[in-house]
Amino acid sequence: MENTPSCTVETNTSELCSPEGSDILTRSALSAQDGDEEEEDSGQSPGGHAIDVYQCTGNVERDVPELCALLGIKDVPLFNIKRPSPPVLDEESELKRSQSYAANLWLVPFLEVEQETEDPLSTKNLKVSGWKVDKKSIRVLQKVLPSLSKLQGLKFWQAGIKNQTVMTLINTVPLCSNLRTLAIESNPLADHVYYKMISADTPLTHLSLRCNQIGDEGARLIGLALSNTTSANKNLLSLNLAFNSIGDAGAAHIAKGLRLNRTLVFLSLLNNQIGDYGATRLAETLAEFALTHDEVLERRKLLLEKSQALAAAMSSLRQDSDQSPEEQHLGASSTSLCGGKQDGKARKKEAPKKTKKPAGKENTKAGKKDVKASQGKDKGAQEAQEAGLVIVLYFMTFDFTLILIHAEQKTYFFLQDNQNPQNEAEMEKAHPLLDPLVQCRDGEVFLPGNTTLASLNLAGNKLTTNSLDPFLKSLEMQSEGGLLRLCLERNRFTTDCGIYLLIKELLGLRDPLS
């Protein structure tokens, strides 16, 4: 069974029907009306208008049965309420109760509601198991989920989810303010639409898609969603793709998605059909790799855009420096970001005599560039504000920050280097193709590998010793960051193999808990 990161919500299927911590298991009242399950749930269906005006209370055990009644849903699921402090029973009674609950939950659809406190409005996790999520029931969930203000995790297990249901969930997730973990498991779809949950703007940070028969085509779409030359997912921290019949081709597509993704920390490909080829492609993304033709073209495009932005900034700088004091006064009044005194009698391009300068002695002429870089993150702008200066132009690129300032109508500017260690936050926001550590050798452009991924699970696949060497080389090349956990058990090599032991030893040295 998977060992997921500590920040994720537990989605262990072996505990799906565990009654531990449960103190309520009730059958909700059946609906008063019957309806066709396949009927479109528009305003013309029974209860269509009523469900639109219904105000959810945030109590799942109350809202779901009432909404089901409005839509004529007969098969209302059981409720398994898990509270932090279950009543204390004697051991024999608790055992009989647990066995009875487990038997009932396997036989019928149920909703497992995990609450933070005894308050029925404190639903933290919601699990839908065995309940057919069709057009009507998804309307119920679409109405209920946004009202659960503390909901963090949502899981579907064997819920008969269809393509349209997935699209509805994609639209509903952003309406749930705290929902970050989503699991849809044992729900295979022929059209492979699950990749749409990994869009660049999704709020999800943890996604589990186990047992969905995703295959190589679904893996290809997921790889593209993780990253391509023009976009990348920047929120998803963990992705579970275990038990999905993904082979070498699918693993290669996912590896391609990891090339420019700098967010994903945990990836599980447990129990798939991946062999040496797919594993080698994954290993190659962890160390330095050569850019493809499309990636080189995108890098050139980004560099061109940066140079054009710099040229525009310098042109604006020259225009400001050529203005008269009166013109500078007008320009500063319309674009200043912080207040300051303005003196119309001041001379142009003369360095201020009694004004605190941002960093070192600046050249008195705005057109010259031989000025010292300011120290610290945006220190120049901060000191300018503290000194009561007016910022006429503030322009930041990947390489430097340019600030044009006037104080009492005397103008000057300085450059701030953005490639020092104190500006790592700005650098991380930049496109990976603009990484300053990019190298050009033998006619190729090499990009540093993915060091964000910390956990990779390839246990239970078809790897042989041929794929171990690429992993060892990649791990040795990762100087900072990189893999902390690599699971390779139950593959086609023995665990006493020398190169496997070297990998385990190297990872052991990285383990922060060792």
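The values are calculated or read from the model by the stated rules, or taken from the named source; none is laboratory data. A quick note: this is a predicted structure, and the numbers were derived from the prediction, not measured. Cβ coordinates were reconstructed from backbone atoms using ideal geometry, including for glycine residues, and neighbour counts include every protein chain displayed.
Observations on the model:
- Within the range 191-226, the set of residues being closer than 29 Å to Ser177 by Cβ and polar (S, T, N, Q) comprises Ser199, Thr202, Thr205, Ser208, Asn212.
- Selection status of Lys256, among the basic types (Lys, Arg) and either over 21 Å from Leu453 (Cα atoms) or without any contact (Cβ under 8 Å) to a residue 24 or more places away in the chain (or both): no
- All helices (runs of 4 or more DSSP H) inside the range 421-514 with 1 or more residues being modelled with pLDDT under 90 and out of contact with any helix residue (DSSP H, G or I) (no Cβ under 6 Å at 6 or more places or on another chain): 424-429, 498-510
- Scanning the range 153-182 for residues that are buried (at least 21 other Cβ atoms within 10 Å of the Cβ) and among the polar types (S, T, N, Q), we see that the one that is farthest from Arg210 (Cα to Cα) is Thr165.
- The residues of the range 476-500 that are over 24 Å from the mean Cα position of the chain (by Cα) and crowded, with 19+ Cβ neighbours inside 10 Å, listed by number, are Leu488, Asn491, Tyr500.
- All strands (runs of 3 or more DSSP E) inside the range 112-219 with 1 or more residues being of a type in the set (D, E, K, R), within 21 Å of the chain's Cα centre (by Cα) and at negative phi: 123-129, 153-157, 181-185
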